[in-house]
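Here is the structure we will look at.
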Amino acid sequence: MSYKVSVDVLVPMRDGTKLATNIWLPDSDGPVPLLLMRGPYGKDMFAVYGAASPNIFELMKHGYGVAVQDCRGTFASEGTFDPHVADADDGADTVRWLVEQDWCDGNVGSFGGSYLGFVQWHTASTGVPGLKAIAPAMTSVDQYRAPWYSRGGALSLECVLGWSTVMSLNLARRAVGRGDGDPADMVQLAGGMADFASLTASTPVSDHPLLKKHLPWMVDVAIGHPERDETWAELSALDRVSSITTPALNIGGWYDLFYGETLRAYTEMKARAGSPEARAGQRLVMGPWSHNAAGLLGFYPDRNFGPTASLDAAQLTEAQIAFFDRWLKGREDALDDLAPVRLFVMGIDRWRDEQDWPLPDTDYTAYYLGGEGPANTGTGAGRLTTSEPTGDTTDTYLYDPRRPIPSVGGTRLNLVGYDGPLDQRPLHSRDDILCFITDVLDQPVEVTGPVTATLYVSSSAVDTDFTAKLVDVHPDGKAIILCDGIQRMRYRNSLSVPELMTPDEVYEISIDLIATSNVFLPGHRIMVEIASSNFPRYDRNSNTGGVIADEHESDMVVAVNRIHRGAEYPSRIILPIINR
C-alpha cells in the first residue's frame, strides 16, 4: 500500500479563521470516502491516532482517506480556544470543505475519543450534509453531565482542574512560541501537575489565576455555572437530538468517566434521532476500560480482566471499518456478523453479544439496607437483603468537608495514579462510611444494566451530598468498586433550579450509579457503601448552601447526616438482575 500525506493544510472556517489539517490519502484511481478526526491535543502527535481510534493505516488499506485537524486556537490552527464553543460550526465547515475536494467522493465519517468525540457529536448536531456516520469513543453528548459535573450536580473537580491545567500549559507554551507569553506561567502550571493534591485542595475552587489567564472559559463557565442552565443546554448535542441524522458506533468502558453518557447516547439516539437510519443505525461496544491509558488494557493493580479485555482484543478497528463500510460505502451486509450491542461482562470476564441496551429481560430487584445496628465502617452491622424490612433504624455519621473521603478508583480522570476497579478496603475503617453487605453467595448473581439507589436521608445542614457505591467483595476480602454516584441535595429535584433543605427533614432521593455489567460469583458478596464525599473526584460540599466554588475551607461546616431505613423508610438499591 502507498499513500501520501499533506501537512498543515489550512481549511477556512466561516469567520475566516483557518484550521491546520493533515490529510492522508491512499493511492486510488478516483475519489475516496474521508474519515475526519478533530482535536485539541496536537494532530502531529501520533498518540492521538491510537487508543480507541481505528488504525489509520488499516483505514487506508480499506480505501479511506483520513483528515486530522487541530481545533481552533490549538497547535497549528488559528484563533482562540474556548472549549466546545466553536466545535459545531467548525466541524460542519470542515465537513463541507472536505466534500468539495475532488479527492473526496462526498461521503464523510468521523472517529476519535474523549474531546475528539465531543466534536463529533457537536458536528452531527448541525445536520451538515455529507456526514454519514460517526464513531465517538469514551465521550459525552452532554458536557454538563460529563465530564464537568455529575448527574447529581457535583463538580467533577479532579477532571476540571487536571484537564484545565494540562490545556493551559499547552496554551502557555503556544503563547511563548508566538513571543507574547511568559515562561514563568509554564513553570507554575507544570508545578500544579507535579503537586496535584495541593491543586485540588486549594480553595476557593474558582481562584486559579493561571487557568483564568490561559483558559478563562473553564473558570467562567465550567466552574462558574454550577446549575445546568441555558449555557449548558446550548452546548449539549443531545438537546438537539432530533437534528442528528447520522448513525453512531458508541464505544465506552465500564470505568470510563464518560460511560453514562455513552450509554445515554445509544438509548436516546435509538429513540429520538432525526432519521430512521440514525435510529436504527446505533451500535454500542462496552469494555472493561477506564479513561487512563493503562486501563485500556483491561489490567489494573487490583483486578485483571484477562487476555480478551484489551482494546486490541476487542478488534475495534475491524468493527469501525465494518461500520463505515455500511454507511459510507453502502455495503448493506457489512454489519451482518456484528450484534448491535457488545458487552464485556465482568466477573466471568468474557464478551457477550446482545440485541439492545438495557437488556430486555432485566429483572429490576430491590436490595434493602438492613441490619440490627449501626452500619458505620466495613465491620459494622449493615446488611443488604432482598427481604422487605420490618423495624426502623437510623444510621448517623458526621460529614466534615475538611476531612473528605478520598477517591479510590472508580470513573476518574486521574492524571497522577490509577483509576478503575481498585480495592475499597483502605476506606472501610472510617466511621463516616456506611457499609451494607449480603451473605456469601452460593449462586452466581448477574447485574447488567442501570443501577440506582433510593435513600431516605436527612441532615443538620441546608445542603450536603450523599454518595453510593456498588462493590464486589471477593472471597479474599478484596472489595472492588463497580459503579458509584453522588447527589448534591440542592439539585435533588432539578439540575437547573437549586432548592435547599430544611434541616432534619427526611427526604427521599435517588442516586444514579449509572450502570455496570458484572457477575457476582459464588463465594463473593454484594456491598453497598453510603457516604457524603468522594474527593477529589468531586468537589467538597461546604454544607452552607452558598456558592461552593467561591468559598474558602474556613467557610465550611460539619453536617450531621442520617440514612433512615426500615418499613417506613425502605432505603434500597435497585439492581438489574439477569437470570438466564
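Listed residues Val462, Val519, Val506; which is among the β-branched types (Val, Ile, Thr), out of contact with any helix residue (DSSP H, G or I) (no Cβ under 7 Å at 6 or more places or on another chain) and more than 16 Å from Ala559 (Cα to Cα)?
Unique residue meeting the criteria: Val519.
Can we say Arg272 is touching a residue at least 24 places away in the same chain (Cβ under 8 Å), surrounded by fewer than 24 Cβ atoms within 10 Å (Cβ to Cβ) and closer than 29 Å to Pro404 by Cβ?
no
So, in region 190-207, exactly how many residues are under 16 Å from Val547 (Cα atoms) and not charged (D, E, K, R)?
So the count comes out to 5.
I'd like the full set of residues that are of a type outside the set (Ser, Thr, Tyr) and open to solvent by less than 10 Å² (accessible area, probe 1.4 Å), limited to region 239-248.
Val241, Ile244, Pro247, Ala248
Cβ-Cβ under 8 Å, sequence separation 6+ or interchain: first residue in region 499-514 and farther than 13 Å from Arg488 by Cβ and open to solvent by less than 30 Å² (accessible area, probe 1.4 Å), partner of a type in the set (Val, Ile, Thr) and part of a strand (DSSP E or B). Which pairs?
Correct list of pairs: Leu513/Val451; Leu513/Thr452; Leu513/Ile573.
Given the criterion of a type outside the set (D, E, K, R), part of a helix (DSSP H, G or I) and either under 21 Å from the mean Cα position of the chain (by Cα) or at positive phi (or both), identify the matching residue among Trp121, Trp97.
Among Trp121, Trp97, only Trp121 is of a type outside the set (D, E, K, R), part of a helix (DSSP H, G or I) and either under 21 Å from the mean Cα position of the chain (by Cα) or at positive phi (or both).
So that you can scan it fast, the table gives a plain yes or no per residue for (1) modelled with pLDDT of 95 or more; (2) of a type in the set (S, T, N, Q); (3) touching a Phe, Trp or Tyr at 6+ places or on another chain (Cβ under 6 Å); (4) surrounded by fewer than 20 Cβ atoms within 10 Å (Cβ to Cβ):
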{"residue": "Gly63", "(1), (2), (3), (4)": "yes, no, no, yes"}
{"residue": "Ala86", "(1), (2), (3), (4)": "yes, no, no, no"}
{"residue": "Thr94", "(1), (2), (3), (4)": "yes, yes, no, no"}
{"residue": "Gln101", "(1), (2), (3), (4)": "yes, yes, no, yes"}
{"residue": "Asp105", "(1), (2), (3), (4)": "yes, no, no, yes"}
{"residue": "Gly109", "(1), (2), (3), (4)": "yes, no, yes, no"}
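Is it true that Trp163 is in contact with a strand residue (DSSP E or B) (Cβ under 9 Å, 6 or more places away or on another chain), within 27 Å of Leu35 (Cα to Cα) and aromatic (Phe, Trp, Tyr)?
no
Tell me whether region 275-282 contains one or more residues that are in a loop (DSSP other than H, G, I, E, B), under 17 Å from Gly117 (Cα atoms) and modelled with pLDDT of 95 or more.
yes
What are the residues in region 460-498 that are of a type in the set (D, E, K, R), closer than 17 Å to Tyr255 by Cβ and open to solvent by less than 10 Å² (accessible area, probe 1.4 Å), if any?
Selection gives Asp472 alone.
Open to solvent by 10 Å² or more (accessible area, probe 1.4 Å) and touching a Ser or Thr at 6+ places or on another chain (Cβ under 8 Å): does that describe Arg38?
When the stated conditions are applied, Arg38 does not pass them.
Please find, within region 402-430, the residue that is least open to solvent (accessible area, probe 1.4 Å) out of those that are touching a strand residue (DSSP E or B) at 6+ places or on another chain (Cβ under 8 Å) and farther than 30 Å from Ala293 by Cβ.
It comes out as Arg430.
Give just the number: which of (1) in contact with a Ser or Thr (Cβ under 9 Å, 6 or more places away or on another chain); (2) of a type in the set (Gly, Ala, Ser); (3) surrounded by fewer than 24 Cβ atoms within 10 Å (Cβ to Cβ); (4) not in a helix (DSSP H, G or I) does Gly253 not satisfy?
So Gly253 meets the others, but not (3).
To keep it simple, each residue is scored yes or no on (1) in contact with a Gly (Cβ under 7 Å, 6 or more places away or on another chain); (2) hydroxyl-bearing (Ser, Thr, Tyr); (3) farther than 30 Å from Asp465 by Cα; (4) open to solvent by 50 Å² or more (accessible area, probe 1.4 Å).
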| position | (1), (2), (3), (4) |
| --- | --- |
| Ser310 | yes, yes, yes, no |
| Tyr364 | no, yes, no, yes |
| Tyr367 | no, yes, no, no |
| Tyr399 | no, yes, no, no |
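Restricting to region 111-148, name every residue that is out of contact with any helix residue (DSSP H, G or I) (no Cβ under 8 Å at 6 or more places or on another chain) and open to solvent by 10 Å² or more (accessible area, probe 1.4 Å).
Correct list: Gly113, Ser114.
From the set of residues in region 254-288 that are under 18 Å from the mean Cα position of the chain (by Cα) and hydroxyl-bearing (Ser, Thr, Tyr), which is nearest to Cys483 (Cα to Cα)?
Per the stated criteria, the residue is Tyr255.
The values are calculated or read from the model by the stated rules, or taken from the named source; none is laboratory data. A quick note: this is a predicted structure, and the numbers were derived from the prediction, not measured. Virtual Cβ from ideal backbone geometry, glycine too; neighbours counted across all protein chains shown. These area figures cover heavy atoms from the full protein model, side chains too; ligands, DNA and RNA do not enter into them. Shrake-Rupley method; radii C 1.70, N 1.55, O 1.52, S 1.80 Å.
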